[in-house]
Amino acid sequence: MVNADVIVAPGPLAEGLAEVLAGLGVGGRVPRDAALGAFRRHLARIQQHVRDEFESAHRNGFESCHVLAGLIDGLIRELHHYSVGHAMPEGVAEAAVANPTRRDRLALVATGGYGRAELAPFSDIDLLFLTDPNASPETLQVVEFMLYFLWDLGLKVGHATRTVADCIAAADDDLTVRTTLIDARLLAGDPALFAEFTARFAQARHDGGMSDFITAKTAERAARHHRFGETPYMVEPNIKEGRGGLRDIQTLYWLSQYCFGVLPSALSRPDAPPGQLLIATESRHLIRSLEFLWTVRFHLHYVSGRAEERLTFDLQPVVGARMGYTRHGRQDGVERFMRHFFLTARAVNRLTVVLEPAIVRAALGPPALAAETDPALLKAGFLLADGKLLTAPGHDFETDPVQMLRILQVARDRALELHPLALRALIRHERRAVSLRGDPEAATLFMDLLCGGNQDRHRTDGAIWLDVLNEAGFLGRYLPDWARIVGQMQFDTYHVFTVDQHTIEAVRVLNQLEEGLLDQVAPVAAGLITQLQSRRALYVAMLMHDIAKGRGGDHSEIGAQLALDVGPQIGLTAEETETVSWLVLHHLLLSQTAFKRDIDDPKTILDLADVTQSPERLRLLLVLTVADMRAVSNKVWNGWKATLLRELYARVAEVLEGGLATTERDVRVARA
């Protein structure tokens, strides 16, 4: 069931174990202890060979995982041969081999990742011992002998002993079992028994249909993302289970194999069973992502000496250096490495959005169009499919790129979910966003999505649409400065997200403040945000506040200059643009003052009042500061910081409102 082409030929290293064992034999039988020593030495040679080839850069991680699997295949086949001859009493083994009965039949099958011929240095080896019903005691003795031998070799083995009927029943009851059996591959033993299993399993899949499996796998992935992080931009990502990691690629593999019996990369060929579902560029991205993620995984295992899948802060510089990432300009090697990682995770996420709906459509048929679509919706160029929003024929994003923003606005205003095929189209046409720069209609739509255009009923879901635009790649095309912070890591234990994701999270905090969800956590900011006159400027300032990070120099000063150019392009007035630039320039002022200066010193308060100069700017600055801090991580915001900011705001607000007389102020300053 796995494509045999992916198994790299192991070469001469796999040979010679049989000759070594033969040299240890006495009367044709090799004592277990002697055999165990020979197998241990051979296993050590295998592991060292793979590591040497990998670390000398002769092979990347994706190639190495196949080489390692191929070499382990040879070892396990030889162990099977040895076990059949030595697990049973002398004479019984010879009889069983010479005159096998159905009760003696045994097929040794690789499953799971090992079945796909993908094996990391410290991965489990998943084995299925396939037997006939009422297997003979001698057959079960062989199974037991092999398992204890493998454990004595120090290998981690996931195993099951089942009949063909057991396999079909277990696959029907358990999604995990069904998934592992997709990758079943015969290693040794009775080929007829394995052929019986493959035929029965294929029939069971056909009878059960594809819909239930697709639904179950997508639900499983959603639960995994919820557990390991909904965003691929966590600064300590899990490269296997996290969003945009290897498991997401494997999910595409399982869907492709289950539905069509081919690898995902094969779906770029016009003669693929369901037709061409991937374009050549997407297929190349898939292969490059596999190679990069497997290479990172191999380094992680070797550096940590265990099956470590989490790329923690302490491991990131080590792995980055091992992969050749060095300082370039103002960027450290580890930051360059992690940006490559996050861009790869983003590519995997985008491939999922592109390929999965295409697989579903090819497997289950086109989406069911609504019997009657609202005429206003049709006039706008959209229709409903499976109850979700999709572009109507003749209104595609290629010919009318502003539709990429209109479809999000319609989805928001009508509380509709975007159809997966619409998300796929957004990703495939992201480059058309370049043509919308400076377009007045596009600017109006973008600002409406960011902060809402109806001043009587503010919409508070801008972060949702920023997420969609960022994942699709639209945002980096529409705002070229944004593209420079996508996947930009901040190598410290302070920030939880990359710069782009932190910015979106900060907008999300603004949304939560407006919805009243943080009234207890940040009561002052929650109260002030309803009093603001420059709401649009606040949202754009939040979008721009870290946009110059990673460029060297003071990112606040550089960002303030960029804001002067971006403001008019997205439809801000001159006054709004100036306010945005001021907020970006001073977005750290309140926090630095509150936490690094003595706020009981009158001069501190007066200095801050001189910079802000107006109550509106002070209100904007406080709300911006609170949202920025809350978006860094849950651990950054606490009661002590909230108290300091609240006290600082109150004292400066009193000065700006004329609460402190000039003469008294001068006296207090003189005494300070």
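The values are calculated or read from the model by the stated rules, or taken from the named source; none is laboratory data. Just so it is clear, the model here is predicted, and its values are computed rather than measured. No Cβ is skipped: glycine too gets one built from the backbone with ideal geometry, and neighbour counts run over all protein chains shown. Note: areas computed on protein heavy atoms with side chains; ligands, DNA, RNA excluded. Shrake-Rupley method; radii C 1.70, N 1.55, O 1.52, S 1.80 Å.
Tell me, yes or no, whether region 363-377 has at least one residue that is in contact with a Ser or Thr (Cβ under 9 Å, 6 or more places away or on another chain) and either of a type in the set (S, T, N, Q) or open to solvent by less than 10 Å² (accessible area, probe 1.4 Å) (or both).
no
Restricting to region 308-334, name every residue that is acidic (Asp, Glu) and either touching a Ser or Thr at 6+ places or on another chain (Cβ under 8 Å) or closer than 28 Å to residue 119 by Cα (or both).
Residues of region 308-334 acidic (Asp, Glu): 308-309, 314, 332.
The answer is 308, 309, 314.
Provide a single number: the residues in region 310-351 that are touching a helix residue (DSSP H, G or I) at 6+ places or on another chain (Cβ under 7 Å), closer than 23 Å to residue 120 by Cα and not in a helix (DSSP H, G or I).
4
Of all residues being β-branched (Val, Ile, Thr) and part of a loop (DSSP other than H, G, I, E, B) in region 466-517, which is most open to solvent (accessible area, probe 1.4 Å)? Just the residue, please.
The extreme case among them is 493.
Six or more apart or on different chains, Cβ atoms under 9 Å: show the pairs whose first residue is in region 379-401 and within 11 Å of residue 422 (Cα to Cα) and whose second is crowded, with 18+ Cβ neighbours inside 10 Å and of a type in the set (Phe, Trp, Tyr).
From region 379-401, the pairs are 389/382; 390/382; 391/382; 391/397; 392/382.
Within region 112-165, can you find the residues that are of a type in the set (Lys, Arg) and either without any contact (Cβ under 8 Å) to a residue 12 or more places away in the chain or open to solvent by 20 Å² or more (accessible area, probe 1.4 Å) (or both)? Full working, then the answer.
Keep residues of region 112-165 that are of a type in the set (Lys, Arg), which gives 116, 156, 162.
Selection gives 156, 162.
Which one is nearest to residue 313 (Cα to Cα) among residues in region 255-271 that are buried (at least 21 other Cβ atoms within 10 Å of the Cβ) and of a type in the set (A, V, I, L, M, F, W, C)?
Taking the candidates together, the pick is 255.
Just checking, which of 107, 120 is under 30 Å from residue 241 (Cα atoms) and modelled with pLDDT of 95 or more?
Just a single option satisfies the conditions, and that option is 120.
Would you mind telling me which numbered condition in (1) over 17 Å from the mean Cα position of the chain (by Cα); (2) in contact (Cβ under 8 Å) with a residue 12 or more places away in the chain; (3) closer than 30 Å to residue 415 by Cβ; (4) open to solvent by less than 40 Å² (accessible area, probe 1.4 Å) residue 355 fails?
(1)
Which members of region 168-193 meet the condition of being open to solvent by less than 30 Å² (accessible area, probe 1.4 Å), among the hydrophobic types (A, V, I, L, M, F, W, C), part of a helix (DSSP H, G or I) and touching a residue at least 40 places away in the same chain (Cβ under 8 Å)?
181, 182, 193
Are any residues in region 214-250 open to solvent by 40 Å² or more (accessible area, probe 1.4 Å), farther than 17 Å from residue 347 by Cα, outside any loop (DSSP other than H, G, I, E, B) and not hydroxyl-bearing (Ser, Thr, Tyr), and if so, which ones?
Listed by number, the residues that qualify are 219, 220, 222, 223, 226, 227, 228.
Name the residues in region 628-639 that are in contact (Cβ under 8 Å) with a residue 12 or more places away in the chain and assigned to a helix (DSSP H, G or I), would you?
If the condition is that a residue be in contact (Cβ under 8 Å) with a residue 12 or more places away in the chain and assigned to a helix (DSSP H, G or I), then 628, 629, 630, 631, 632 are the ones that fit.
If I filter region 251-292 down to residues being outside any loop (DSSP other than H, G, I, E, B) and acidic (Asp, Glu), which single residue comes out as nearest to residue 183 (Cα to Cα)?
Only one residue tops the list, namely 291.
Answer with yes or no whether residue 211 is of a type in the set (S, T, N, Q), open to solvent by 40 Å² or more (accessible area, probe 1.4 Å) and either modelled with pLDDT of 90 or more or more than 29 Å from residue 121 (Cα to Cα) (or both).
Working: of a type in the set (S, T, N, Q): yes; open to solvent by 40 Å² or more (accessible area, probe 1.4 Å): yes; either modelled with pLDDT of 90 or more or more than 29 Å from residue 121 (Cα to Cα) (or both): yes.
Against the criterion (of a type in the set (S, T, N, Q), open to solvent by 40 Å² or more (accessible area, probe 1.4 Å) and either modelled with pLDDT of 90 or more or more than 29 Å from residue 121 (Cα to Cα) (or both)), residue 211 qualifies.
Sort out which residues of region 241-275 are of a type in the set (Val, Ile, Thr) and over 15 Å from residue 218 (Cβ atoms), and write them in order of number. Show your work before the answer.
Keep residues of region 241-275 that are of a type in the set (Val, Ile, Thr), which gives 249, 251, 262.
Passing the criteria: only 262.
Kindly indicate whether any position in region 403-410 is in a loop (DSSP other than H, G, I, E, B), of a type outside the set (Phe, Trp, Tyr), open to solvent by less than 40 Å² (accessible area, probe 1.4 Å) and over 29 Å from residue 212 (Cα atoms).
no
Can you name every residue in region 530-543 that is touching a residue at least 60 places away in the same chain (Cβ under 8 Å) and open to solvent by 10 Å² or more (accessible area, probe 1.4 Å)?
531, 532, 533, 534, 535, 536, listed by residue number.
Give the number of residues within region 596-627 that are open to solvent by 20 Å² or more (accessible area, probe 1.4 Å), closer than 17 Å to residue 578 by Cα and part of a helix (DSSP H, G or I).
Number of matching residues: 5.
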